[in-house]
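> Below you'll find the structure I mean.
The values are calculated or read from the model by the stated rules, or taken from the named source; none is laboratory data. Everything numeric in this text was worked out from a predicted model, so none of it was measured. Here the Cβ is made from the backbone with ideal geometry for all residues, glycine too, and neighbour counts use every protein chain on show. When the accessible area is computed, the model is the full protein with side chains, heavy atoms only, and any ligands, DNA or RNA have been set aside. Shrake-Rupley method; radii C 1.70, N 1.55, O 1.52, S 1.80 Å.
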Amino acid sequence: MKAIPTGGMWPTTSDRTLVRVLVNPGSASDPVWDELRKTYPSALDVVTKQPRLAPLFHYRLRETGIEWPDADALAETARRVWGTNQMRIYRATEVHRVLEDAGVEALFLKGLAMIPLFPAESTRPMQDIDVLVRRSDFDAATAVLAQQGWSVLSDDSEATRRYDHAANLGNDRGEELDLHWRLAPGAFADNTADPWESSRMVTLAGHQIRVLGATYQLYHSISHGLAWDKEPSLHWIPDAAFVVESSGDSIDWERLLSLADSNHRGVAVREGLR
């Protein structure tokens, strides 16, 4: 089966080498590191070509004790990501609290859900906060968040509600929040109770938030990662790999593929798994 055409979201041969060391670095003597130097002779190449993977690359270099030219650029990226993540984690726990107090059940997606699975909080960048609520709770959620200074920035028409999956919210601090009423693009069926029934609590910066269970999280990582994006990245591959690695035997593979097929993402998810 040929890889689906997804532009920069699908790994080239050299990308696969980079992803390999990020997910499974092995030892400093592993030949894969020499192979990687051919494509990324300087750490600046990683920062420029795959900025969202740079912090994890920095961690792996320190972990294995490998020297890399211009590694200071990676350290600076990791420090910046750590600081930004702390602010977003704090804001997310605030959002979680006000929604729960209002009786709106919320699940956090993407970066916030992935950070606990990564080696360190500085290794998984977040661009914004992603929250999933039931479609029936969307108006209540936006009303509660409005009291906290969040306003809907994207189109909120009836057609958007029917065919899209999320609305973009912003506040006067310049922060962004994507409020989802469906799990991912193209998922036209409304959410069932299943994402909540299999959800779990994780602790971030001393606060607990609710995230997807392993099966739904793996589906979302691959399905969303292989959807079109104006800033494509390969971060979906470490995301998916760390979900699998941390899940033990809790992933329901038949449910995963059924979920993908029912939302017209079967080809993408199967190719992503491959």
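> How much of the calculated P(r) for the stretch 110-254 lies past 18 Å, in percent of all Cα pairs?
So the portion of pairs separated by more than 18 Å is 60 percent.
> Which percent, nearest 5, of DSSP beta bridges in the stretch 119-274 are antiparallel?
75 percent
> In the chain, what is the volume of the convex hull around the alpha carbon atoms, normalised per residue and reported in Å³? Provide the component values of the computation, followed by the final result.
On the way: hull volume 36.8 nm³, N = 274.
For the chain, the hull spanned by Cα atoms encloses 134 Å³ per residue.
> While we're on this one: With a Cα-only, solvent-free Debye model of the stretch 23-108, what are the log10 I(q)/I(0) values at q = 0.18, 0.24 Å⁻¹?
-0.77, -1.13
> If you don't mind, another one. Placing one identical point scatterer on every Cα of the stretch 13-157 and ignoring solvent, what is log10 I(q)/I(0) from the Debye formula at q = 0.08, 0.20 Å⁻¹?
The computed values of log10 I(q)/I(0) come out as -0.32, -1.11.
> Rolling a 1.4 Å sphere over the protein heavy atoms, what is the accessible area per residue of the chain, to the nearest Å²?
47 Å²
> What do you get for Rg/Rh of the stretch 136-181 when both radii come from the Cα atoms and Rh is the Kirkwood radius?
The Rg/Rh ratio comes out at 0.95.
> How are the Cα pair distances of the stretch 212-274 distributed, in percent, across 5 Å bins from 0?
4, 20, 32, 26, 14, 4, 1
> Let me ask something else. Identify, among His96, Tyr40, Trp228, the residue whose Cα sits farthest towards the positive end of the charge dipole of the chain, taking +1 on the Cβ of Lys and Arg and -1 on the Cβ of Asp and Glu, with the dipole about the Cα centre.
Result: Tyr40.
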